[in-house]
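Undergrad: Handing you a structure now.
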Amino acid sequence: MNTADLIKIRRNLHEIPEPGFQEYKTQHLLLELVASFPQAHLQIRKWETGFAVKVAGSHPERIIGFRADIDGLPIMEENDYPYVSGHEGYMHACGHDFHMTIALGALERLAETPIKDDVVFIFQPAEEGPGGALPMLDSEIFSSWRPDVIFALHIAPELPVGTVSSKPGLLFANTSELFIDFKGKGGHAAYPHLTHDMVAAASSFVTQLQQIVSRRVDPLESAVVTIGKITGGFVQNVIAENARLEGTIRTLNPQIIDQVKKHIEQIAKGHEISFDCSIAIDYGSNYYQVFNDEHYVQKFKQIVETENVNWKDASSAMTGEDFGYMLKEIPGFMFWLGVDSVYGLHHSKLDPDEDALEVGVNIVEKTIRSL
C-alpha cells in the first residue's frame, strides 16, 4: 500500500475509537484489511476483541513479534477535520490509530515477501485499560506462537517526523491506577457534630498522600502519587456521606510501587479511626515497567542509521505501557516514533503528522527483516 492508502486507513480507524475489550468495529475493519492481503503465508487467530496474524517463514528457526494496540481513550475530540471520532466521548488520543496502520503496512509487505523466520503481528486490545497485554500473554495464542523477540512502537508528538528514539533499560515506569472510596455519615450542614464528613476525610487524605514521596520513599528513587479527581457530596448545605479520590501511582522501581501502596493502606487505616468512616482502595489497572533489552536496542539503532532516519537517545519517562508485561517475559524493545504534533498524548487536539506513517512502516519492516 502507498502513502495515500496508509492515510486513508488511519483516518478510517481514527473515526471509530472504542474502549478496551469493546473494539468490535476496530477488529472487524482490521480483519477486513488483512483479508485483502496475499493469504498464502498468513494464518489468523482471534483473541477477545483482538487477534494475531502469523506470516510463515521459508525456513523458520524462531518467531519475531510486533505488537500494535487497538483501543481508544474516553476523551472528547476537539479537532475539526472531516475524519474526527464518530464515537462521542472517545478518541484515538494516544496514537493507536497510527500503531495499527503501521502494523498493517508492514504486515502487507511481509505477506507479499516473507522472510526466513516466522513473524507474528499482535493486535492487542485494552492497552489503555483494563490491560490486555497480560491476559493475552497468558493466552493459548502466545503458547503456540510465542515470539523469541518482540518489539513495538509508540508515537512521540514532541519529536519531528523522521526521528525515532529509544534506549537500553528502563523506558517507561511501573504504574497503577488508584481509586479510594470514603463512606461516612451525612447530615445537615448546621449539625456537623452529628455527622462524619467525607469531604473533610478525603481532603485530609490528599494532604497525607503527598508525604509518601517526600518522607517515605528513598530520595534516590523516583515516585509519583497524583490525585487527578475528587468528588464528594451533592449539595452545598449537606455534609457529604461519601467521597471518592481518583489518581495514579508511578515509579521507576517495581519494588517501590509496592512500598507506596503499603503506605497508602496505612494512611487509610488511620483515617478510618480519625474520621470514623470506612475506606475502600482499588488499584485498578497495573502496568509493569517497559525495560528494553540492550542487545536489541543497539541492533535497532544500527538498523535505523542505515534507513536515513534520525536517532535520538531517549530518557526514562513516568508514562505507563502494558507492553512491559510482554518485555518482562520476552526479550525486545519499544521505541518512540516522531509525529510532530503541537498537542501531546491524551490531548483532545492531538494531531500527528501523517507523513510519519510511511516512516513507521519502513522502520518496522526493515527491523523485522534485520533482527
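Undergrad: Looking at Ile257, Ile249, Ile281, Ile303, which is the one that is modelled with pLDDT of 95 or more and either under 22 Å from His196 (Cα atoms) or not β-branched (Val, Ile, Thr) (or both)?
TA: From the options Ile257, Ile249, Ile281, Ile303, the qualifying one is Ile281.
Undergrad: Would you confirm whether or not the range 136-155 contains a residue that is of a type in the set (Gly, Ala, Ser), without any contact (Cβ under 8 Å) to a residue 40 or more places away in the chain and at negative phi?
TA: Yes: one or more hits.
Undergrad: Something else about it: Can you tell me which residue within the range 182-202, out of those that are touching a Phe, Trp or Tyr at 6+ places or on another chain (Cβ under 7 Å) and not in a helix (DSSP H, G or I), is least open to solvent (accessible area, probe 1.4 Å)?
TA: Result: Gly184.
Undergrad: For the range 102-115, check the following and say yes or no: at least one residue is open to solvent by 10 Å² or more (accessible area, probe 1.4 Å), touching a strand residue (DSSP E or B) at 6+ places or on another chain (Cβ under 6 Å) and either acidic (Asp, Glu) or in a helix (DSSP H, G or I) (or both).
TA: no
Undergrad: To continue, here is another question. Can you pull out the residues in the range 64-79 that are open to solvent by 10 Å² or more (accessible area, probe 1.4 Å) and outside any loop (DSSP other than H, G, I, E, B)?
TA: If the condition is that a residue be open to solvent by 10 Å² or more (accessible area, probe 1.4 Å) and outside any loop (DSSP other than H, G, I, E, B), then Leu73 is the only one that fits.
Undergrad: Still on this structure, please answer the following. Within the range 248-282, count every residue that is within 24 Å of Pro130 (Cα to Cα) and of a type in the set (S, T, N, Q).
TA: Qualifying residue count for the region: 5.
Undergrad: Being touching a Phe, Trp or Tyr at 6+ places or on another chain (Cβ under 7 Å), farther than 26 Å from Glu354 by Cα and among the basic types (Lys, Arg) is the requirement here; does Lys46 meet it?
TA: no
Undergrad: When you check Ala240 against the structure, is it over 24 Å from the mean Cα position of the chain (by Cα), open to solvent by less than 70 Å² (accessible area, probe 1.4 Å) and among the small types (Gly, Ala, Ser), yes or no?
TA: Against the criterion (over 24 Å from the mean Cα position of the chain (by Cα), open to solvent by less than 70 Å² (accessible area, probe 1.4 Å) and among the small types (Gly, Ala, Ser)), Ala240 qualifies.
Undergrad: Restricting the first residue to the range 283-308 and requiring it to be closer than 20 Å to Glu358 by Cβ, which pairs with a second residue that is open to solvent by less than 60 Å² (accessible area, probe 1.4 Å) and outside any helix (DSSP H, G or I) meet a Cβ separation below 7 Å and a spacing of at least six or different chains?
TA: Every condition considered, the pairs that remain are Phe300/Ser166; Phe300/Phe333; Phe300/Phe335; Val304/Val164; Val304/Trp311; Glu305/Trp311.
Undergrad: Name the residues in the range 128-161 that are in a loop (DSSP other than H, G, I, E, B), under 19 Å from Leu350 (Cβ atoms) and among the small types (Gly, Ala, Ser), would you?
TA: Answer for the range 128-161, where residues must be in a loop (DSSP other than H, G, I, E, B), under 19 Å from Leu350 (Cβ atoms) and among the small types (Gly, Ala, Ser): just Gly129.
Undergrad: Do you know which of the residues in the range 315-350 that are modelled with pLDDT of 95 or more and among the β-branched types (Val, Ile, Thr) is nearest to Gly131 (Cα to Cα)?
TA: Ile330
Undergrad: Another one. Within the range 80-101, is there a residue that is touching a Lys or Arg at 6+ places or on another chain (Cβ under 8 Å), open to solvent by less than 20 Å² (accessible area, probe 1.4 Å) and aromatic (Phe, Trp, Tyr)?
TA: Yes.
Undergrad: Could you grab me the full set of residues in the range 45-74 that are of a type in the set (Val, Ile, Thr) and farther than 19 Å from Phe21 by Cβ?
TA: Val53, Val55, Ile63, Ile64
Undergrad: Between a residue in the range 256-278 that is in a strand (DSSP E or B) and any residue that is surrounded by fewer than 20 Cβ atoms within 10 Å (Cβ to Cβ) and acidic (Asp, Glu), which pairs come within a Cβ distance under 8 Å, given they are 6 or more apart or on different chains?
TA: Here the result reads Ser278/Glu272, each pair linking the range 256-278 to a residue that is surrounded by fewer than 20 Cβ atoms within 10 Å (Cβ to Cβ) and acidic (Asp, Glu).
Undergrad: How many residues does the range 116-145 hold that are open to solvent by less than 20 Å² (accessible area, probe 1.4 Å), more than 22 Å from Leu29 (Cβ to Cβ) and hydrophobic (A, V, I, L, M, F, W, C)?
TA: 3
Undergrad: Taking Gln210 and the conditions (1) closer than 30 Å to Asp258 by Cα; (2) open to solvent by less than 10 Å² (accessible area, probe 1.4 Å), which numbered condition does it fall short on, given that it satisfies the others?
TA: All conditions pass for Gln210, except number (2).
Undergrad: Within the range 245-288, count every residue that is closer than 18 Å to Lys183 by Cα, open to solvent by 70 Å² or more (accessible area, probe 1.4 Å) and of a type outside the set (A, V, I, L, M).
TA: Total satisfying the criteria: 6.
Undergrad: Among the residues of the range 309-334 satisfying the criterion of being of a type in the set (A, V, I, L, M) and not in a helix (DSSP H, G or I), which is surrounded by the most Cβ atoms within 10 Å (Cβ to Cβ)?
TA: So the residue we want is Met334.
The values are calculated or read from the model by the stated rules, or taken from the named source; none is laboratory data. The shown structure was predicted, so the numbers you read here are calculated from the model rather than taken from an experiment. Positions of Cβ are generated from backbone atoms using ideal geometry, with glycine treated the same way; all protein chains shown enter the neighbour counts. Keep in mind that these areas ignore ligands, DNA and RNA; they rest on the heavy atoms of the full protein, side chains included. Shrake-Rupley method; radii C 1.70, N 1.55, O 1.52, S 1.80 Å.
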